[in-house]
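Below: one structure, written as structure tokens.
The values are calculated or read from the model by the stated rules, or taken from the named source; none is laboratory data. Note that this is a predicted model, so its numbers are computed, not measured. Every residue, glycine among them, receives a Cβ derived from its backbone with ideal geometry; neighbour counts consider all protein chains shown. We work out accessible area using only protein heavy atoms, side chains counted, and drop any ligands, DNA or RNA first. Shrake-Rupley method; radii C 1.70, N 1.55, O 1.52, S 1.80 Å.
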Amino acid sequence: MRAYDGREHTGRERTGQEHTGRRRTARAIRLTPRASAVIVLAALLGLVAFFWPFVVAPGKFGSQYAPPLIFGVLLVLVVCVVLSEIAEGGIDSKALAMLGVLSAVNAALRPLGAGTAGVETVFFLLVLAGRVFGPGFGFVLGCTSLFASALITGGVGPWMPYQMFGCAFVGMLAGLLPRAGGRREVLMLALYGSFSGYLFGFLLNLSFWPFSVDPGSSLAYLPGLPFTEQWQRYLAFDLATSLGWDTGRAVTTFLCVLLAGPAVLATFRRAARRARFDAPVRFTAREGRTGGGPTAPPA
């Protein structure tokens, strides 16, 4: 009979783990119940921040002060998400390193396309990273990527919190997509990337719609109008002002994911397997040890 070889067994075990790793998502950020509750709360308040023209009653809460107050709360919640994850051990050093690298890459990619017919290269990497590393990682990456790019390009302004949370939603939803494999997964991510291009533009337009149109226009925001009429005005505004720009962003993301997605997904998953974010720590005794003392090298 062939003698037992611990190294061969370890190799088979590692191969099986790598094979399994291709089938599942590597959670780079392990969401505890508390952190999940904080992210859900931040997402809900983010939606309120986007849709405040439809939820703030005129005369009840000054509309001109609503966005800055909500922005402040949201930014504090983003910090709480990151700090709570670090305190709970949800973000280890490997996940922080991955987050820093991808945030820097996204910040460097953004100036290459933004400003030219809606060509936007940020969502390509954000969608794939959220898919591989999970919704928590995608949420944080969306915030940090836009914050870093705003510092680099001088794009800091009242629109920045909207952009941060818009990208956070895109990355988080990518991590919540259903399981798929092979070409089906790439096609699903490409279609989602295209959809996210329109979704981002739709949400971002809400940030300046109440202040950018002449009140006498049929597209303007008018406090006190019924919801249906207000909604029709915004849809007309969105179609008239940014449909072409959003289409450029959607097509760019679709093509990037479709063409480069398989290679980038394989690279991310290989990095996740090597980092072993969610691998449990086990201590096993080495064969040949007696009483915990050192063993002599094999003859």
Sequence of Met160, Met188 when ordered by accessible area, the most exposed leading, probe 1.4 angstrom: Met188, Met160
Accessible area of Leu44, 1.4 Å probe, to the nearest 10 Å²? 100 Å²
If R0 is 30 Å, what FRET efficiency do you get for Leu191 and Arg274 from their C-beta distance, rounded to 0.05? 0.50
Please work out how much accessible surface Ile152 shows to a 1.4 Å probe, ignoring ligands, DNA and RNA, in Å² rounded to 10. 120 Å²
Report the FRET efficiency, 1/(1 + (r/R0)^6), for Arg34 and Ala266, where r is their Cβ-Cβ distance and R0 is 30 Å, rounded to 0.05. 0.35
For Leu112 and Thr228, what is the calculated FRET efficiency with R₀ set at 45 Å and r taken between the beta-carbons, to the nearest 0.05? 0.65
